[in-house]
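Since the structure comes first, as C-alpha cells, the remarks are kept for the end.
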Amino acid sequence: MMRWIAIVLPMLCGLPALADDAESDALRLADDTPAAATEARPWQAHAELAAGAAWPQTGGAAQNDTRLSLDWRLEPRASGPWQLRAAGRLDVRSRPAPMQEHTVHTLKDAVLGYTASTQVLVEAGRIRLRQGVALGYNPTDFFRDGSVRSEVSMDPASLRENRQGSGMVRVQQLGADGAWQFAYSPRLEQRKPAPSGWHPDWGATNHQHRALLAFAPRWGESLSAQGLLHLRQGHSAQWGLNLSGLVDQATVAHLEWAAGQTHTQWHEALDLPGPQRWRHRLAAGATHTTRHKLTLTAELHYNGTAPGRSAWQALRGEPLPTYLQYRAWSLQALEPPTRWALFFHATWKDALMPGLDLSSLWHLDRVDASRRFWLEARYRGKAFDVALQWQRNHGAPLSQFGLWPAARRWELSVRRYF
C-alpha cells in the first residue's frame, strides 16, 4: 500500500485545494471590479518569482522547486454601451505535478459586455461567476468545479482569484426591489483527463449544460441576502441561500446553505447508481475586526453529500485505486471529502510595521482528525511584494490531509507590479 501511496500522492499535487474568499455583498452588478479601473489604466499586470521546498508525506529528502508567474488583466475604456475585459495567468514550474506540463496558462476572463440600460448589463464569454459569503467553503459557488488549473497558495483569496471562468451568457438587472442575475452555461466539450498547459480546458468548466438564477433583495445596510436556483444537466435542481449581517460594528455573521436531491459524492465520483434524496451543505461563521486591523474568521463546514465517520472509515478500506479516484474527484469538484470541518483564518494588516501583513489558516477535519496549517508574512511595497509562506499537513495515512503530497512546505516569493 505504501508503494501505491508513494506513486499516487504526487499526482494530487496539481489538483485544487478547498477554499475561496468571502465577498461582502451577496450580489452586485459587476462581480470583479479591477483595481486598474481606479487608476484609469486599460491594463494591469504583475510578475512573481518563487522558490521553495517540500518534504513528502512518505519521507525522504526535501524536493526543491521554483515558479515564475505572470498575471495580467486588460480592460480598455468603454466605447459607448460596449465593454471588454480579459484576464489570465501564466505559471511556469521547474517541478510540475505528474501529467501536468511545466507551463500552464489559466484564462480567467474573456468577456464582452453590453449595457442595455442603467439597470441592465448583458455579458458573454468566459466569466468567473463566484458566489458565496463564507471564506473556507462555498456551497453556493456552483460554478467552482474544475475551475482551478494551477494552485499557487492555500490562501482562500488566491484560490478564488486564480481560477478559470466558465463559458456563459449572463444578464444582470438592478431594480428598486433588488438585484437579479441569470446565467446560462452551455456544454462545449467533454472532460479531458490532462489537457495541455495552453489548452483553454472548456471540458473542465463546460462539460454539461447549466443555468443559474439569483436574486438579492434590498434589506438595508445591516443585512444582505441572496437566493439561488442552480440547474444542471442530468441532475435535480439545487437551491442556495446566502445571508450576512452585522452583529455589532466590528463583527459580521454569515451563513451559506445549499440543498437539493442528489446522490452521495461517492456515487457521483465513481458513476454508481444509487438513491437520490435531499442533502444539505452548509458554511456558517463570523468575522471580527479589531481596531488594530486584526481580522479573525471562524467557520463550521458541513457537507451532507460526503461520508460521515463510519462511512469514511469504510471508504478508506476500499481498494486504493478506488479510494484515490474518489479523492481526485473531490479535489476537482472543490468539495470536502468528509462531512464535518472547522476552519479558522486570521489576517493582521500593517502588523508590527506599515506594509507588513501576517496571515494564518487552520483547517481541522472533524471526521478523521487530520489538519492543515498555513502561515504567511507579506511585505507590501509600492511596486513590489515579498512573501514567505509555510504550510504543514498532518494526519493518518489516507486521511484528508494525511494524503496530501507534502507533509510541510515553505516558499519565498517576490512580486513586481507593472
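Between LEU188, LEU229, the distinction of being closer than 30 Å to PRO96 by Cβ, of a type in the set (A, V, I, L, M) and touching a strand residue (DSSP E or B) at 6+ places or on another chain (Cβ under 8 Å) belongs to LEU188 only.
In this structure, is ASP350 farther than 17 Å from SER158 by Cα, touching a residue at least 24 places away in the same chain (Cβ under 8 Å) and acidic (Asp, Glu)? Judged against the criteria, ASP350 is a match.
Tell me the residue from TRP374, TRP404 that is crowded, with 18+ Cβ neighbours inside 10 Å, modelled with pLDDT under 95 and aromatic (Phe, Trp, Tyr), please. Walk me through how you get there before you give the answer.
Details: TRP374 fails: modelled with pLDDT under 95.
Going through TRP374, TRP404 in turn, just one is crowded, with 18+ Cβ neighbours inside 10 Å, modelled with pLDDT under 95 and aromatic (Phe, Trp, Tyr): TRP404.
Being in a strand (DSSP E or B) and touching a Ser or Thr at 6+ places or on another chain (Cβ under 6 Å) is the filter here, so list the residues in the stretch 89-105 that pass it. ARG89, ASP91, VAL92, VAL104, listed by residue number.
Can you tell me which residues in the stretch 164-203 are of a type in the set (Ser, Thr, Tyr) and touching a helix residue (DSSP H, G or I) at 6+ places or on another chain (Cβ under 9 Å)? I'd like the intermediate steps shown before the answer.
Within the stretch 164-203, the first condition is being of a type in the set (Ser, Thr, Tyr), and the residues that meet it are 166, 184-185, 196.
Residues satisfying the conditions are SER166, SER185.
Among the residues that make up the stretch 34-57, is at least one of them in a loop (DSSP other than H, G, I, E, B), within 25 Å of ASN138 (Cα to Cα) and modelled with pLDDT under 95?
So the first thing to find is which residues in the stretch 34-57 are in a loop (DSSP other than H, G, I, E, B), and the list is 34, 39-42, 57.
Remaining after also requiring within 25 Å of ASN138 (Cα to Cα): 34.
Right, trim to modelled with pLDDT under 95 and you get 34.
Looking through the stretch 34-57, at least one residue is in a loop (DSSP other than H, G, I, E, B), within 25 Å of ASN138 (Cα to Cα) and modelled with pLDDT under 95.
Across the stretch 391-406, the qualifying residues are those that are part of a loop (DSSP other than H, G, I, E, B) and farther than 18 Å from TRP340 by Cβ, and the one among them that is nearest to the chain's Cα centre (by Cα) is TRP404.
Please state which one of LEU388, LEU358, LEU364 is closer than 22 Å to ALA298 by Cβ, open to solvent by 50 Å² or more (accessible area, probe 1.4 Å) and assigned to a strand (DSSP E or B).
Working: LEU388 fails: closer than 22 Å to ALA298 by Cβ; LEU364 fails: open to solvent by 50 Å² or more (accessible area, probe 1.4 Å).
Matching residue, one of LEU388, LEU358, LEU364: LEU358.
Figure legend. Inter-residue proximity from the stretch 194-205: first residues aromatic (Phe, Trp, Tyr), second residues part of a loop (DSSP other than H, G, I, E, B) and surrounded by fewer than 17 Cβ atoms within 10 Å (Cβ to Cβ), beta-carbon distance below 7 Å, spacing 6+ or different chains. Indicated pairs: TRP202/LEU188; TRP202/GLU189.
For residues in the stretch 218-228 being among the hydrophobic types (A, V, I, L, M, F, W, C) and open to solvent by 40 Å² or more (accessible area, probe 1.4 Å), which is farthest from ALA250 (Cα to Cα)? Checked the stretch 218-228; the qualifying residue farthest from ALA250 (Cα to Cα) is TRP219. Total residues in the stretch 75-97 satisfying the condition of being in contact with a Pro (Cβ under 9 Å, 6 or more places away or on another chain) and within 22 Å of LEU49 (Cα to Cα): the figure is 2. Remark: LEU29 falls outside the filter, which requires a residue to be open to solvent by 30 Å² or more (accessible area, probe 1.4 Å) and either at pLDDT 85 or above or part of a helix (DSSP H, G or I) (or both).
Of the residues making up the stretch 50-109, those that are touching a residue at least 24 places away in the same chain (Cβ under 8 Å), more than 21 Å from GLN391 (Cα to Cα) and open to solvent by 70 Å² or more (accessible area, probe 1.4 Å) are LEU70, LEU74, ARG77, TRP82, LEU84, MET99, GLU101, HIS102.
Within the stretch 38-86, being β-branched (Val, Ile, Thr) and over 13 Å from GLU411 (Cα atoms) holds for THR38, THR58.
The values are calculated or read from the model by the stated rules, or taken from the named source; none is laboratory data. The model shown is predicted, which means the values in this text are computed figures rather than measured ones. All Cβ positions, even for glycine, are placed from backbone atoms using ideal geometry, and neighbour counts span all protein chains on display. Calculation scope for accessible area: heavy atoms of the full protein, side chains included, ligands and nucleic acids excluded. Shrake-Rupley method; radii C 1.70, N 1.55, O 1.52, S 1.80 Å.
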